[in-house]
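First up is the structure itself, then whatever we jot down about it.
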Amino acid sequence: MNTLESTPQEPLDPRNETQPVGITVRKPWQRNVLTFLLVVGPGLIVMAADNDAGAVSTYTQAGAQYGTHLLWLLILLLPTCYFIQEMVARLGIATGQGHAAMIYQRFGKWWGVFSLVDLLVLNFLTLVTEFAGVSLAASQMGLSPLLVVPLAALALMALVTTGSYRRWERITITLCLLNLTWLVLAFTSHPNGGEVLHNLVVPNIPGGGLTSGLIFTVIAIVGTTIAPWQLFFQQSTVADKKLRFADLKFARLDTFLGACLTITVAGCMMLIGDAAFRHHIPFSADTFDPATMAVSLGHIFGPWFKTGILLLMVDAAILGATAISLSSAYAYGEVRGWSHGLQKSVKDAPGFYGTYIACVALAAALVLVPRAPLQLIIVSVQVLAGVMLPSAIVFLQLLLNDRELLGAQFANKPWNNVVNWIIITVLFVLSLVLALQVITPTLFPK
Amino acid sequence: MATTMIKSPTTIQQSLQVVHPLDDIAEEKRSPEGLGQMHMSPSVKLSLYALRGYLVLIGLMVAYRVLTLAGIFSHHLH
């Protein structure tokens, strides 16, 4: 079927057991609301999982270092992450296949291997940062990481191995909605409303000018908000959920609402960092971690505030870990031609689940190694994500212009291409600046 | 298909049925099978190779910098 509109089918005969069982409604608006509720998931989850442990660290650090001065950047990132993720949702609905499979089939094995290796390496390092986040939060709650990290890993394995996509999605959406608690915490930290509004809409550079620290923070925010794993994850989940052509408008709404959620929550994390900034909590870029900041803020706003941040850190890490591990498992499974998908049992898709479990177990084990260079891994992830992102989006852009495959209905329109090339150019320039900074650390003033 | 109309033969009342995507009849997707690899102009191929070279180079530099920070190459700094 090639049309976006629903094509009339034969009237359903309730006695025919081979026809799909649905919910009957009477009004078109009821149908639209219900269909949206059934379709919502991949877009919301990918965006909420984007605010993972690394993101909590990046956004709160940006707030603790620069106050609310970088809030405007988030407003610019809202349409950016929507445009990019809408493309993968469209590609997933049109082809019913994951991103890695598409790269392999349309660009060949050589490019496919490169894309897959990039993804798997970066994903694994990012996964380590998720467990590092769990470990930090557990330590500050007085719990042993030796107990909490393995428990988190086991919970992550149990979450996906039920053989039900719907069960995984419902639990994960619940974890996503817990993100709304960041709004409560941000509100109770009493931000300066006028200053927040001003810095949201007026782009400005914090006092001190264009320093290497500011450039790194800006690039880290961009690299945190749009990451390569998101492309692979959303397309694979859209395909796994078997979204139909007629679902595209709802998938777009799902992605847009997810983008709004992730940017709002990111802003709240920055406001909580800003609370540390306003209360003159000592800040050091080299030693900053959000769990320690939570303890300091707990002395000001109360112990519940500290516990709230620490629990939300764990929530962010769990969400990020399940999405990132799944993006690796989907991509590897698609390329190897293995049976894959959350609807399948472990027995039916051993390679898919084995990849997921191996990623989670290895990353959790690495975090528990005494004196593991976690801070270096966290820094490497931010740098590598920033450098690799433009390349991943170039492949996406080429795939979305594949009219031979997608036809005019699903391929990018000229305005899509203009917007996307602007995004790619900006990301590439940022990546180049980052590369220059890595090569010559004294390029910009400290 | 998200919705299907059910028309009762005796009344003009209509019902709309909403089906979960996982329960619905699979639709035929746009498949790359048989299409082969995507046609890329020489300039696009060259750009992709340049991008790959850039990524490999930067990846190696990042790895060197990280290993230096980790103290692996500390004797070179002295």
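Take peptides A:92-105, B:40-53 and line them up by average Cβ neighbours within 10 Å, highest first, as a rough protection proxy.
Details: A:92-105: 25.5, B:40-53: 11.9.
Highest mean packing first, the order is A:92-105, B:40-53.
With kT/(6 pi eta Rh) evaluated at 20 °C and eta = 1.002 mPa s, and Rh the Kirkwood radius from Cα pairs, chain A diffuses with a coefficient of 95 µm²/s according to Stokes-Einstein.
Once the Cα-Cα distance is subtracted from the 0.36 nm per residue extended length, the residue A:307 to residue A:202 segment shows a gain of 34.5 nm. The relative contact order of chain A comes to 34 percent, based on Cα pairs under 8 Å that sit 6 or more residues apart.
Among the residues of A:425-431, the average count of other protein chain beta-carbon atoms within 10 Å of the residue beta-carbon is 1.
How much mean residue ellipticity at 222 nm does the protein assembly as shown get from its helices, if each DSSP H run of length 4 or more adds -39500 (n - 2.57) and you divide by all residues, to the nearest 500 deg cm²/dmol?
Calculated at 222 nm, the ellipticity per residue is -23500 deg cm²/dmol.
Of the residues A:179, A:393, A:259, the one whose Cα sits farthest towards the positive end of the charge dipole of the protein assembly as shown is A:393 (charges of +1 on Lys and Arg Cβ, -1 on Asp and Glu Cβ, taken about the Cα centre). With a 10 Å cut-off around each Cβ of A:95-107, the average count of Cβ atoms from other chains is 3.
Normalising by the residue count of region A:69-214, find the relative contact order in percent from Cα pairs under 8 Å and 6+ residues apart. Each step should come with its number before you reach the end.
Numbers: 52 pairs, mean separation 63.6, N = 146.
Averaging sequence separation for qualifying contacts and normalising by length gives 44 percent for region A:69-214.
Here the protein assembly as shown is treated with +1 on each Lys and Arg Cβ and -1 on each Asp and Glu Cβ, and its dipole about the Cα centre works out to around 260 debye. Positive-end ranking of A:369, A:313, A:294 along the dipole of region A:288-374, with charges on Cβ about the Cα centre, is headed by A:369. Which Cα, out of A:77, B:22, B:35, lies furthest along the positive dipole direction of the protein assembly as shown (beta carbon charges, K/R +1, D/E -1)? Highest projection toward the positive end goes to B:35. The modelled label-to-label distance for the pair residue A:339/residue A:283, using points 7 Å beyond Cα in the direction of Cβ, is 5.3 nm.
Would you mind checking A:109/A:344; A:249/A:413; A:242/B:29 for any pair whose Cα atoms are more than 20 angstrom apart? Each step should come with its number before you reach the end.
Details: A:109/A:344 27 Å; A:249/A:413 16 Å; A:242/B:29 10 Å.
Long pairs (Cα-Cα over 20 Å): A:109/A:344.
Shielding value for A:246-254 is 1, the average number of Cβ atoms from other chains within 10 Å of each residue's Cβ.
Which distance in nm do the two modelled labels at residue A:421 and residue A:155 give, with both placed 7 Å along the Cα-to-Cβ direction? In this crude label model, residue A:421 to residue A:155 measures out at 4.7 nm.
For region A:167-310, the Cβ-based charge dipole about the Cα centre amounts to some 540 debye (Lys, Arg positive; Asp, Glu negative; other atoms uncharged).
FYI, it's all coordinate maths here, none of it is from the lab. In this text, all values refer to a predicted model and were calculated from it rather than measured experimentally. Don't worry about glycine lacking a Cβ; one is built from the backbone with ideal geometry, like all the others, and counts go over all protein chains shown.
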